[in-house]
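**Q** Can you read through this structure? Questions will come right after.
The values are calculated or read from the model by the stated rules, or taken from the named source; none is laboratory data. The structure displayed is predicted, hence computed values, not measured ones. Don't worry about glycine lacking a Cβ; one is built from the backbone with ideal geometry, like all the others, and counts go over all protein chains shown. Quick note on the areas: whole protein, heavy atoms, side chains included, nothing else; ligands and nucleic acids left out. Shrake-Rupley method; radii C 1.70, N 1.55, O 1.52, S 1.80 Å.
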Amino acid sequence: MAKKLQLTLKVWRQPSGKAEGRIETYDAKDIPVTASFLEMLDIVNEGIIADGGEPIAFDHDCREGICGMCSLTINGCPHGPGKGVTTCQVHMRSFQDGDTIWIEPFRADAFPVLKDLMVDRTAFDHIIQAGGFISARTGSAVDANATPIPKPVADAAFDAAACIGCGACVAACKNASAMLFVAAKVEHLGMLPQGKAEKDRRVLSMVRAMDDHGFGNCTNQYECEAVCPKEISATYITKMNRDFAAASVKEAVVTEF
Amino acid sequence: MVSDISKDMPDSKIPSGPIAEKWTKHKMDSRLINPNNKRKYTVLVVGSGLAGASAAATLSELGYKVKCFCYQDSPRRAHSIAAQGGINAAKNYQNDGDSVYRLFYDTVKGGDFRSREANVHRLAECSTEIIDQCVAQGVPFAREYGGLLANRSFGGAQVSRTFYARGQTGQQLLIGAYSALSKQIAAGGVEMYPRTEMLDLVLVDGHAKGIVVRDMVTGRVHSFAGDTVLLATGGYGNVFYLSTNAMGCNVTAAYRAHKRGAYFANPCYTQIHPTCIPVSGAYQSKLTLMSESLRNDGRVWVPKKAGETRRPRDIPEDERDYYLERKYPSFGNLAPRDISSRGAKEVCDEGRGVGDTGLGVYLDFAAAIDRDGEDAIRERYGNLFQMYEQITGENAYQTPMRIFPAVHYTMGGLWVDYNLMSNIPGLHVLGEANFSDHGANRLGASALMQGLADGYFVIPCTIANYLAGETPGTVTTEHEAFKKVEEEVSQRIHQFLNINGNRSVDSFHRELGLMVWDKCGMARDREGLTEALKKIPELREEFWKNVRVPGDNNNVNQELEKAGRVADFLEFAELLCYDARAREESCGGHFRTEYQTEEGEAMRDDENYAYVSAWEHEGVGKEPTLHKENLEFENVKLAVRSYK
Amino acid sequence: MKLLESFKQFYASSIGKKLLVALSGAVLLLFLLGHLLGNLVIYLGRGALNDYAEFLHHALHGMGVWIARVGLLGAVGIHIMATIHLAAQNRAARHSRYAYESTQTASKASRTMIISGTIILCFIIFHLLHFTILPNDLKDVTTAGHVRPDVYGMVVKGFQNVLVSLFYIVSMAFVCFHLSHGVSSVFQTLGFRSEKSADMIKWLGHGYAAFIFLGNISIPIAVLLGFLKF
């Protein structure tokens, strides 16, 4: 049978968005190393329920690293140990018997806590609504092969499009900046020929939406890139900076978007 | 109670005429609504996966007022996102003889002749437009160096018609639909309600005119009225507890509609995927699928001896049983999904399963590594091996992978006519939530195609056939029907919170899942199903007496959310078993051990069972009434498959 | 006026302010390089340095030095003002701190730019008082009999005070620290960085910082060791 761990958890508990939160300590007993991190929390929650308490609330859904719903900052690192993984893909074999694990929500003013470890990330949706799309009305499309797209361009667009919108970049950034998230979408669409028509308008309005939601600014530390479960490169931020500068100049001296 | 074939079945509204002209004809015959009038109609869309998001976006583009609901924190997270393989389309870009007709034919045949020809043909027709639409939205499909779209052959298809975006096709398509939805939200055409769960359907004079929802942040129960309701709420795979579905996937919306009168069709058609990572312990919450392509190079085996304890590499060749190669010499390890899944179950039932739980078989790459070298294997499957190692901690280059089948997709769903409308007027059902296109078995890369076809192209046309006959905005939430249903929903929540029993919701879900998997999983028989039909109500009774739902309803309460879903699964499981028991044949994802050939092949009974089973709810704990829609095959000849 | 509106909007945006920080930073970087090269003239002797100083003061009929001063003051002003605004926004973006803080990859320098920048500002004030604003009584008489300020003498005399030298060396360490993040940051913010060039730019930044540091501290060290005499 699988080895079992005895752990101490320091978990952020906050009854609701308005209430004060604090760190509480729990024992996580007999956790199989083969369990996933969220299954460890399931086990702890079963114990809390049995003892008549309220289980720890946390967001999760697909549990296979693609939906972007799970969050958690584990020992100060969004999505915990391991490169290129989400919290739901972390397994307990990454920890040692006797470890103390700190579990906190993704912290940012733009991501208010709803309860315990759950945060509200609708700010991301609002940023996408500001311009994270190509205005292609259903039915109006030309044949899919009408516009060839060089493979390197398609691949680079894909690398950016791999973003799952989890918000780890914001959680990791000491300024709670959303630049990596915004850049990934701006560049995914901006690189493709289909997205060029709205490129300038898109970068301006998405960056402004980002600012309006109270995210911080980028100080080029690349913490976002380090924790991104899809390993999206900060060079997309570089490109967005350039695109933003160009679009700003165009807007100032040439045309309104 | 079994009613006579088609007698009291609602009209399926399949257009007359040759198969290839039905959809065109139907579009021409469909009613139209003046653009200025469209904005007066409110459409409620429940679910924001491929079907829901694409429908909400497109209907809003047409001018309808749309309200869209999802239980996740953002519409971008619906479980369509997890589809890996690809999306089929009859583009014939590869010049390999593909056509709309061939895609239609393959899909009907793949569905084991239990789907409606007309629906499937329409699906095949729409498939090409889907690709155009997605590319226009910026979906980064795989491309060749010349810049044109790449294709691959998928799921045993003889032609290369699958479009893909690495292993994340579902994600990219969903983000495309989500971006279209976002555009319409920004334009004011769609009001989006995330973290909002539909808990019931409201009928006014027999028409679906609204829904009751719970705000999952504040706990508030309230309602929305509309001129029509669209359910795009996915499948019911989580009735098995362990499946490849997301944790939140549930049957509640569809089942509540069923309780309000909507027929549930073919629930027993559930698809099992053979190459999932096995369960490692009782705490397991979900199963992860690995691409079936692994079977191209991996050899499936178990030890010959039951209770084997040696490590796999220490078991000599002559003590291994390569059972797929043995039983199906010509297809071997590439035998179809259901056959290889059942093969695994059989050897595990014999006690020859591997791993701690005994529920697993080896998928061994040693021979392929010897033949092609480790680098070649890494090139082909590197990401899958990595994923496997992440989850199991084992290096599959050195030791064989362990795999086991898991529930993956459900073909059954609410019954709909050609307009995607259920037997409740005004209730439309899209995507995996309906039963319509995949018959008894879904082909690989067809789920995404169906979700998007329904949302982008079918419903925008057919919805007017219902709406044009309705005066817009006649019903508001002030109507007494809303108050009544709201009251029922609140009452139920109150009940959950006040049982104060001793068992967690999950413990009931696990027990139910195990039971359903055992009796109504990969292989079923009358005896087992009858037993399940006895045990499920007992478990349900215990649930209502002994479940513990902590907390209150003024806040986020995840246990309460789960309780509602599990309560519905506890009723739905019974329906699933009734259907499985009533269908005395084996077809597609439904295998009855009594109905198999001597070689263990599924034995269909076209004479007696070439129909859609549409179940009518008669009350909790009461046997539902079966209605039958006869399936006519005018274009595809019924044939028996053979993989010997 | 429309242009002014556009600029306001540009400044209001996060990337707008960052672009200004990067552009002003780039101006200051180039100035530092020029300044260092000028400083190194000291090794050519009293005459050469004083010639160079005289040239600077007379370029463009004496206007050159004032253009440079105004330009630099502007760059420093923009750099500081935009940074203060950015820092305030950054602080406001996260009020609740992690109970368990950890850093994945960010360098110490990148996390202390505000501190190193503030120290550098103090240094600049001292430096200007020391060598530019306070009167220099030392005179140098050329062979042609021309009398001019003795910059060389001022520098050597100043650095013969161990405390002053030490202060300069420590300050230069902070400048170096600031540049080790600042140089590559300029490339990133102005949009000239790619996956392929990222490493090169990082090393360029470190190399540049080291060059400025070593070049500048060599002078007080040379004075203290007696290589440069009054």
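**Q** Test of understanding: among B:LEU199, B:LEU148, which residue is more than 12 Å from every other protein chain (Cβ to nearest Cβ) and modelled with pLDDT of 95 or more?
**A** B:LEU199
**Q** Still on this model: Within the stretch C:89-103, can one find any residue that is within 25 Å of A:TYR222 (Cβ to Cβ), aromatic (Phe, Trp, Tyr) and either crowded, with 16+ Cβ neighbours inside 10 Å or within 14 Å of chain A (Cβ to nearest Cβ) (or both)?
**A** Scanning the stretch C:89-103, I find at least one residue that is within 25 Å of A:TYR222 (Cβ to Cβ), aromatic (Phe, Trp, Tyr) and either crowded, with 16+ Cβ neighbours inside 10 Å or within 14 Å of chain A (Cβ to nearest Cβ) (or both), so the answer is yes.
**Q** Considering the stretch B:424-452 alone, what residues qualify as being farther than 18 Å from B:ASP227 by Cβ and part of a loop (DSSP other than H, G, I, E, B)?
**A** Within the stretch B:424-452, B:PHE435, B:SER436, B:ASP437, B:HIS438, B:GLY439, B:ALA440, B:ASN441, B:ARG442, B:LEU443, B:GLY444, B:ALA445, B:SER446 qualify.
**Q** List every residue pair whose Cβ atoms lie under 6 Å apart, where the two residues are 6 or more positions apart in sequence or sit on different chains, the first residue falls within the stretch A:200-221 and is within 7 Å of another protein chain (Cβ to nearest Cβ), and the second residue, located anywhere, is of a type in the set (Ser, Thr, Tyr) and in a helix (DSSP H, G or I).
**A** Once the first residue is within 7 Å of another protein chain (Cβ to nearest Cβ) and sits in the stretch A:200-221, its partners that are of a type in the set (Ser, Thr, Tyr) and in a helix (DSSP H, G or I) give A:ASP211/C:SER14; A:ASN217/C:SER14; A:ASN220/C:SER185; A:GLN221/C:SER110.
**Q** Right, next: For the subset of the stretch B:458-478 comprising residues that are in contact with a Gly (Cβ under 8 Å, 6 or more places away or on another chain) and open to solvent by 30 Å² or more (accessible area, probe 1.4 Å), which member is farthest from B:ASN88 (Cα to Cα)?
**A** B:THR477
**Q** Here's something else I'd like to know. Among the residues of the stretch B:575-591, write down those that are surrounded by 23 or more Cβ atoms within 10 Å (Cβ to Cβ) and on the phi < 0 side of the Ramachandran plot.
**A** B:LEU575, B:LEU576, B:CYS577, B:ASP579, B:ALA580, B:ARG583, B:SER586, B:CYS587, B:GLY589, B:HIS590, B:PHE591
**Q** Same structure, new question: Looking at A:ALA144, A:ALA123, A:ALA57, A:ALA156, which is the one that is open to solvent by 10 Å² or more (accessible area, probe 1.4 Å) and among the small types (Gly, Ala, Ser)?
**A** Selected residue: A:ALA156, the only one of A:ALA144, A:ALA123, A:ALA57, A:ALA156 that is open to solvent by 10 Å² or more (accessible area, probe 1.4 Å) and among the small types (Gly, Ala, Ser).
**Q** Right, here's the next one. Could you please let me know if B:GLU432 is under 30 Å from B:ASP11 (Cβ atoms), among the charged types (D, E, K, R) and open to solvent by 10 Å² or more (accessible area, probe 1.4 Å)?
**A** Against the criterion (under 30 Å from B:ASP11 (Cβ atoms), among the charged types (D, E, K, R) and open to solvent by 10 Å² or more (accessible area, probe 1.4 Å)), B:GLU432 qualifies.
**Q** Scanning for something open to solvent by 10 Å² or more (accessible area, probe 1.4 Å), in contact with a strand residue (DSSP E or B) (Cβ under 9 Å, 6 or more places away or on another chain), assigned to a strand (DSSP E or B) and within 14 Å of chain C (Cβ to nearest Cβ), does the stretch A:24-36 turn up at least one residue?
**A** Yes, that holds for at least one residue.
**Q** While we're looking at this one, here's another question. Got a sec? Which of C:VAL70, C:VAL141, C:VAL76, C:VAL147 is crowded, with 16+ Cβ neighbours inside 10 Å, away from every other protein chain (no Cβ under 12 Å) and β-branched (Val, Ile, Thr)?
**A** One residue alone meets the criteria, C:VAL76.
**Q** Select from the stretch B:116-141 the residues that are more than 14 Å from chain A (Cβ to nearest Cβ) and aromatic (Phe, Trp, Tyr) and list them in ascending order.
**A** none
**Q** For the stretch B:368-405, how many residues are in contact (Cβ under 8 Å) with a residue 60 or more places away in the chain, in a loop (DSSP other than H, G, I, E, B) and buried (at least 17 other Cβ atoms within 10 Å of the Cβ)?
**A** 1
**Q** Checking C:LEU37 against (1) closer than 30 Å to A:LYS174 by Cβ; (2) more than 14 Å from chain A (Cβ to nearest Cβ); (3) open to solvent by 40 Å² or more (accessible area, probe 1.4 Å): exactly one of these is not met. Which one?
**A** For C:LEU37, the exception is condition (1).
**Q** Quick check on the stretch C:104-127: of everything there that is in a helix (DSSP H, G or I) and under 18 Å from A:CYS224 (Cα atoms), which residue is nearest to the other protein chains (Cβ to nearest Cβ)?
**A** Result: C:SER110.
**Q** Of all residues in the stretch B:251-292, which are closer than 18 Å to B:GLY619 by Cβ, among the small types (Gly, Ala, Ser) and part of a loop (DSSP other than H, G, I, E, B)?
**A** Correct list: B:GLY261, B:ALA262.
**Q** Still on this structure, I have one more. So B:ALA78 ticks every box in (1) within 14 Å of another protein chain (Cβ to nearest Cβ); (2) out of contact with any Ser or Thr (no Cβ under 6 Å at 6 or more places or on another chain) but one. Which box is left unticked?
**A** (2)
**Q** Find all pairs meeting these conditions: Cβ atoms under 6 angstrom apart; at least six residues apart or on different chains; first residue within the stretch C:200-215 and free of Cβ contacts under 8 Å to residues at least 40 places away in the same chain; second residue open to solvent by 50 Å² or more (accessible area, probe 1.4 Å).
**A** Close Cβ pairs satisfying both conditions: C:ILE201/C:PHE187.
**Q** Select from the stretch A:126-138 the residues that are open to solvent by 10 Å² or more (accessible area, probe 1.4 Å) and in a helix (DSSP H, G or I) and write down the one among them that is nearest to the other protein chains (Cβ to nearest Cβ).
**A** A:GLN129
**Q** Within the set of pairs 6+ apart or on separate chains, which have a first residue in the stretch C:30-43 that is outside any helix (DSSP H, G or I), a second that is at pLDDT below 95 and open to solvent by 50 Å² or more (accessible area, probe 1.4 Å), and C-beta atoms under 8 Å apart?
**A** none
**Q** Wholly within the stretch B:25-125, which helices (runs of 4 or more DSSP H) include no fewer than the required count, namely at least 2 residues that are of a type outside the set (A, V, I, L, M) and open to solvent by 30 Å² or more (accessible area, probe 1.4 Å)?
**A** Counting at least 2 such residues, we get B:35-38, B:100-110.
**Q** Check B:ARG548, B:ARG565 and return the single one that is surrounded by 15 or more Cβ atoms within 10 Å (Cβ to Cβ), within 14 Å of chain A (Cβ to nearest Cβ), in contact with a His (Cβ under 9 Å, 6 or more places away or on another chain) and more than 24 Å from B:ALA440 (Cα to Cα).
**A** Every option except B:ARG565 fails the conditions.
**Q** A further question on this structure: Farther than 19 Å from B:VAL458 by Cβ, more than 10 Å from chain A (Cβ to nearest Cβ) and not hydrophobic (A, V, I, L, M, F, W, C): is that true of B:ASP96 in this structure?
**A** Spelling it out, B:ASP96 is indeed farther than 19 Å from B:VAL458 by Cβ, more than 10 Å from chain A (Cβ to nearest Cβ) and not hydrophobic (A, V, I, L, M, F, W, C).
**Q** Looking only at the stretch A:85-105, which residues are within 11 Å of chain C (Cβ to nearest Cβ) and within 23 Å of B:GLN171 (Cα to Cα)?
**A** Correct list: empty.
**Q** Now for a separate question. Could you check the stretch A:93-120 and list, in sequence order, the residues that are surrounded by 22 or more Cβ atoms within 10 Å (Cβ to Cβ) and acidic (Asp, Glu)?
**A** Hits for the stretch A:93-120 are A:GLU104, A:ASP116.
**Q** Also: Give the residue, chosen from A:CYS218, A:CYS224, that is within 23 Å of C:GLY182 (Cβ to Cβ), in a loop (DSSP other than H, G, I, E, B), open to solvent by 10 Å² or more (accessible area, probe 1.4 Å) and at pLDDT 95 or above.
**A** Just one listed residue meets the conditions, A:CYS218.
**Q** Continuing with this model, one more query. Do we have A:GLY82 as facing another protein chain (nearest Cβ under 9 Å), at positive phi and open to solvent by 40 Å² or more (accessible area, probe 1.4 Å) here?
**A** Spelling it out, A:GLY82 is indeed facing another protein chain (nearest Cβ under 9 Å), at positive phi and open to solvent by 40 Å² or more (accessible area, probe 1.4 Å).
**Q** Cβ-Cβ distance below 7 Å, separation of 6 or more or different chains: which pairs start in the stretch A:136-155 with a residue that is in the same structural domain as A:GLN194 (by TED's automatic domain parsing) and end on one that is of a type in the set (Asp, Glu)?
**A** A:ARG137/B:GLU61; A:THR138/B:GLU61; A:ALA141/B:ASP132; A:VAL142/B:ASP132; A:ASP143/B:ASP132; A:ALA144/B:ASP132; A:LYS151/B:GLU144
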